[in-house]
Amino acid sequence: MYKIDQAANRIIEVDSPKFSELGFTERHHLQEWLAHTPAALGEELLIIQKEFDGFDDTKERLDLLALDKDGNLVIIENKLDDSGRDVVWQALKYASYCSSLTKPQVIRIYQDYLNRFNKSENAETNIAEFLDEPDLDDVVLNTGYSQRLMFVAANFRKEVTSTALWLLGQGLSLQCMKVTAYCHDNELYLNVEQIIPTPEAEELMVSMSVKAKEEKVTVENQNSATRLRFEFWEQTIDAFIKSDCRLFDNRSSCRDRWLSAGSGVSNCPFTLIFGKVEARVELNVERPSKKENKMIFDTLFSQRAELEAKFGDKLYWQRLDDKKASRVRFHKPFEGFQKENWPEMIKWLIENMIRFEKTFKQPLLEAAEQMKKTVQEPVNTV
């Protein structure tokens, strides 16, 4: 910090002594300053306990316990001149202990604090006023793992800042506050500055944490869906083997949404689809040549009325002009991820794949032969 000397148009460095050099201690000074003026930490906080040691089966004691404006508990650890090596571990332990505190317990802890310092105030009333609520009937305090950590020190060791940054990346709510004493003209000043995360980066880090959580949920959902599909196909293949359909006799279970079997025409498989909201049977025409695929599809489509009459239902024909492949499909809505629906789904797949094979097997062979003859015909030139 520098003092501006307007007369000389210069700046003069202000002395910054260590707290220990000034005779200050964590417990009798820094802790008291913050307990009486928590706004120095950069936000509105309600201190609800000091030197709290009410954890079952431990004699450990946290420095300050507070509530933020969202009703989350804030564990504040003060280390004055040096953060020490173990401050993060200590705070994590305290946060784990505090995570089990219920709403009535939080209120009682605060009431004990008020009584301890001879304050004739009511904890419930104070908390409600702090949270801008008429009462606490519908207020939730200390939800889930919402506990926050706040470290206060003049200097932070590298092992502390490194761990703090890693924990932030894991989505933990944590702040490192650097305190500095200044002395000028026999007057002392205290500066409190948030250094982790920096105020500029805090919003970005929150966004990144939310994104990471969303990605984690997505991956977990994908893994769950993968396991479900493998189990579904195991049951489906077993049922097919016991049926009159021989298409899937040599197939093994897989983790894909689809299970295919040969139709007798290369790269034109009969396919089963296991979806979250439906089951499907398909004929996929997916040869390397787009031209060949469209020729086979067009030949089959020209027989649409006859094929649908033989199948017994209207089919969904997809030429897919902008893609290489084409397909014909038949589907039915199902809640696929509900296992109780699987017997009905599997029965439906078997019945309709049998119908599909009987309907398309011979016409598909003939369409493929016709395509080959057309492709092999010489081109007349003038």
Among all residue pairs at least 6 apart or on different chains, which show Cβ distances below 7 Å where the first residue, located in the range 1-28, is over 16 Å from E187 (Cβ atoms) and the second is of a type in the set (K, R)?
-> I11/K3; E26/K79
Starting from the range 252-266, take each residue that is within 13 Å of R227 (Cβ to Cβ) and list its partners that are β-branched (V, I, T) and crowded, with 16+ Cβ neighbours inside 10 Å, counting only C-beta distances under 7 angstrom and pairs at least six apart or across chains.
-> S253/I237
Mind checking which pairs have a first residue in the range 135-153 that is in a strand (DSSP E or B) and surrounded by 19 or more Cβ atoms within 10 Å (Cβ to Cβ) and a second that is among the basic types (K, R) and modelled with pLDDT under 95, Cβ under 8 Å, 6 or more apart or different chains?
-> F151/K79; V152/K79; A153/K79; A153/K178
Would you check if F240 is within 34 Å of the chain's Cα centre (by Cα), assigned to a helix (DSSP H, G or I) and of a type outside the set (V, I, T)?
-> no
Select, from A128, A154, the only residue that is within 28 Å of H29 (Cα to Cα) and not acidic (D, E).
-> A154
Among residues belonging to the range 27-59 that are within 17 Å of L101 (Cβ to Cβ) and exposed (fewer than 12 other Cβ atoms within 10 Å of the Cβ), point out the one that is modelled with the highest pLDDT.
-> D53
Here the qualifying pairs (Cβ atoms under 6 Å; residues six or more apart or on different chains; first in the range 105-125 and buried (at least 18 other Cβ atoms within 10 Å of the Cβ); second among the acidic types (D, E) and part of a helix (DSSP H, G or I)) come out as I107/E124
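Select, from S253, S266, the only residue that is of a type in the set (G, A, S), within 31 Å of the chain's Cα centre (by Cα) and in a loop (DSSP other than H, G, I, E, B). First the steps, then the outcome.
Details: S266 fails: within 31 Å of the chain's Cα centre (by Cα).
Testing whether each residue is of a type in the set (G, A, S), within 31 Å of the chain's Cα centre (by Cα) and in a loop (DSSP other than H, G, I, E, B) leaves just S253.
What is the residue count in the range 154-166 for residues that are among the β-branched types (V, I, T) and in contact (Cβ under 8 Å) with a residue 40 or more places away in the chain? Give the steps one after another, and end with the answer.
First, the residues of the range 154-166 that are among the β-branched types (V, I, T): 160-161, 163.
Then drop every residue that is not in contact (Cβ under 8 Å) with a residue 40 or more places away in the chain, which leaves 160, 163.
Looking only at that region, the number is 2.
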Being buried (at least 16 other Cβ atoms within 10 Å of the Cβ) and among the aliphatic types (A, V, I, L, M) is the filter here, so list the residues in the range 243-280 that pass it.
-> L247, L259, A261, V265, L272, I273, A279
Q235 under 28 Å from S96 (Cβ atoms), modelled with pLDDT of 90 or more and surrounded by 14 or more Cβ atoms within 10 Å (Cβ to Cβ) = no
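Within the range 30-52, can you find the residues that are in a loop (DSSP other than H, G, I, E, B) and within 20 Å of A154 (Cβ to Cβ)?
Initial filter on the range 30-52 (in a loop (DSSP other than H, G, I, E, B)): 37, 42-45.
Within the range 30-52, T37, G42 qualify.
The values are calculated or read from the model by the stated rules, or taken from the named source; none is laboratory data. Note that the structure is a prediction, hence the values are computed from the model and not measured. Please note: Cβ atoms are built from the backbone with ideal geometry, for glycine as well, and neighbour counts cover all protein chains shown.
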